[in-house]
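The values are calculated or read from the model by the stated rules, or taken from the named source; none is laboratory data. Owing to the predicted nature of the structure, the values given are computational and were not obtained by experimental measurement. Note that we place each Cβ from the backbone using ideal geometry, even for glycine, and neighbour counts take in every protein chain shown.
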Amino acid sequence: MSRKFRLGILGSGKGSNLAAIAGACEAGQVPAEVAIVLSDVADAGILARAKERGIHARFIAPGKFRTKLDDEAERAYIAALQQAQVDWIALAGFMRILKGDFLRAFAPRVVNIHPALLPSFPGLEAWKQALDYGVKVTGCTVHLVDQGIDTGPIIAQQIVQVLDGDTPAKLHERIQEAEQELYPKVIAALLRGEILVQGRKTLWKR
Ligand code: GAR
């Protein structure tokens with residue numbers, strides 16, 4: 001039997017991506033189990049959704065900054081993930097930038113999902129940025145995490161049409177459906193070693 005990997009998932013939101021990943025693990029579509037879920041938001045839905053599924057889930061206070069973890073918090077996140085013996089980390093709506101020490105501990109095995117077609121619309125509320133800009137297509141991107149904001153090598157993207165009469169909420173909902181389809185598939189491919197990374201370029205070995 002092939003080995004089951006251990007995933008650590010970080011999120012700040014309601015946890016729809018966590019649910020999709022955990023569901024795909026349970027269904028045997030991703031050769032992994034979610035070993036731990038961490039959040040910087042004490043009452044985040046992602047923690048409740050993890051606990052409902054029997055996954056170990058913890059709030060770890062982010063410290064004094066708004067957009068990143070402070071040094072003490074960063075050490076606590078690293079320690080919790082190392083203690084849980086994770087092989088890969090999937091960011092699922094984690095709204096803080098991860099810096100040097102975190103990435104030195106885990107990169108290149110840190111992956112993120114972003115709700116736009118990068119390099120367009122990095123940062124916050126990307127679906128709203130796309131709608132305000134007036135683009136006709138947007139979507140979601142799975143990429144490896146580096147020290148920039150949504151700048152790491154792109155692994156896969158899925159397109160979502162912008163429809164007449166879209167509101168930010170409606171558009172985000174359709175992007176999230178695409179995310180829930182794409183993210184588990186990409187994580188499975190990464191774990192199976194099916195994705196080759198050469199600098200900024202990634203190649204699917206199929
Ligand atoms: C997702 O749409 C994800 O792409 C986005 O947060 C949402 C989390 O939803 N992430 C970012 O905007 C990161 N820049 P979820 O908690 O339901 O998975």
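Checked against (1) in contact (Cβ under 8 Å) with a residue 40 or more places away in the chain; (2) away from the ligand (no atom under 12 Å from the Cβ); (3) of a type in the set (S, T, N, Q), Gln82 meets all criteria but (1).
Select from the stretch 120-172 the residues that are of a type in the set (A, V, I, L, M, F, W, C) and at positive phi and list them in ascending order.
Going through the stretch 120-172, the residues of a type in the set (A, V, I, L, M, F, W, C) turn out to be 121, 124, 126-127, 130-131, 135, 137, 140, 142, 144-145, 149, 154-156, 159-160, 162-163, 169, 171.
Of everything in the stretch 120-172, just one residue is of a type in the set (A, V, I, L, M, F, W, C) and at positive phi, namely Phe121.
Could you grab me the full set of residues in the stretch 1-20 that are hydrophobic (A, V, I, L, M, F, W, C), within 18 Å of Tyr183 (Cα to Cα) and either free of Cβ contacts under 8 Å to residues at least 24 places away in the same chain or more than 9 Å from the ligand (Cβ to nearest atom) (or both)? Can you show your working first?
First pass over the stretch 1-20, keeping only residues hydrophobic (A, V, I, L, M, F, W, C): 1, 5, 7, 9-10, 18-20.
The next check asks that each one be within 18 Å of Tyr183 (Cα to Cα); those that pass are 5, 7, 9-10, 18-20.
Selection gives Phe5, Leu7, Ile9, Leu10.
It is to be established whether one or more residues within the stretch 59-66 are touching a strand residue (DSSP E or B) at 6+ places or on another chain (Cβ under 9 Å) and within 16 Å of the ligand (Cβ to nearest atom). Among the residues of the stretch 59-66, at least one is touching a strand residue (DSSP E or B) at 6+ places or on another chain (Cβ under 9 Å) and within 16 Å of the ligand (Cβ to nearest atom), which makes the answer yes.
Residues to consider are Ile155, Ile195, Ile187; find the one that is at pLDDT 95 or above, crowded, with 18+ Cβ neighbours inside 10 Å and farther than 22 Å from Gly15 by Cα. If you could, list the steps in order and put the result at the bottom.
Working: Ile155 fails: farther than 22 Å from Gly15 by Cα; Ile187 fails: farther than 22 Å from Gly15 by Cα.
Exactly one residue qualifies, and that residue is Ile195.
Taking (1) over 22 Å from Pro122 (Cα atoms); (2) surrounded by fewer than 21 Cβ atoms within 10 Å (Cβ to Cβ) in turn, Val41 satisfies each apart from (1). Only residues that are more than 11 Å from the ligand (Cβ to nearest atom) and in a helix (DSSP H, G or I) were counted across the stretch 21-49, and they come to 6. Restricted to the stretch 44-75, and to residues there that are of a type in the set (Gly, Ala, Ser) and in contact with a helix residue (DSSP H, G or I) (Cβ under 7 Å, 6 or more places away or on another chain), the residue that is surrounded by the most Cβ atoms within 10 Å (Cβ to Cβ) is Ala50.
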